[in-house]
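Structure record follows, encoded as structure tokens.
FYI, it's all coordinate maths here, none of it is from the lab. Computed from a predicted structure; not experimentally measured. Methodologically, a virtual Cβ is constructed for each residue, glycine included, from the backbone with ideal geometry; neighbour enumeration extends over all protein chains shown.
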Amino acid sequence: MTKDFIVSLISSQFFQAIVIAILTIWLTQVVAARGKLMWSVRHAHWYRLPSANQDGTELNIVTQELWFNNAGRAAVEDIEIVLNWTPQHYELWTPREFSQNVLPDGRLIIKVPFLSASDWFSISILDVKRLPEIVNVRSKNSKTRLIAMEPTRKFPDYALWMFAVVLIMGLATIIYFLISFGKILFELSGALQ
């Protein structure tokens, strides 16, 4: 009874239309080009310069580099980076158009109008006391995500391609075995009735 019901349900045009509609909606969401803004603190360092001040005491200089990357396939627009306060010095690299605005409470907003797909920029900050923290990063058409960074080895492109091929072959093998196992279970369930 259950097997006949499942077969009649799957073979009905209504069920097939619903499955096709759901798959189409899902595929358009997965395949659609979107921007994906990621950011991280690439490094921070504290320098102690001996006898740098006029009175002979040490001068502490703090640096930090913030990294922003669009890992998506579409451009990201209207990026806003909000810092707790305005640092003594900062600059953007790669050179690009940006604007800044200081809010009445002293927070600094850096606005970058556009970041192409697979593009990046960094903000280098320098101060003599302590550095402002990032309050918020947002954009018009992308969710932003903080990622952890650390130095790592860069493998050659051929090694990355070989890894991808082995990964796809392994995934195809797993799918093949799952389908074969499902087919065997389906045949066994029919033989048991």
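Points to keep in mind about this one:
- Nearby lysines by direct alpha-carbon distance to residue 3 (threshold 21 angstrom, same-chain neighbours under 8 apart not counted): 183
- Per-q log10 I(q)/I(0), region 15-126, q = 0.18, 0.20, 0.23 Å⁻¹ (Debye; single scatterer per alpha-carbon; no solvent): -0.95, -1.07, -1.23
- Along the chain, longest interval not containing exposed GluC sites (Glu not before Pro), exposed being DSSP loop plus at most 16 other Cβ atoms within 10 Å: 134-193
- For the chain, the convex hull drawn through the C-alpha positions has a volume of 225 cubic angstrom per residue.
- Whole-Hz Karplus values for region 123-137 come out as 10, 9, 10, 9, 8, 9, 10, 9, 9, x, 8, 7, 7, 7, 10 Hz, taken residue by residue from phi with 6.51 cos²θ - 1.76 cosθ + 1.60 and θ = phi - 60°; glycine and proline positions read x.
- With 24 Å as the limit, the listed pairs 111/143; 129/154; 36/154 have 129/154 beyond it between alpha carbons.
- As a length-normalised measure over Cα pairs under 8 Å and 6 or more apart, the relative contact order of region 37-146 settles at 35 percent.
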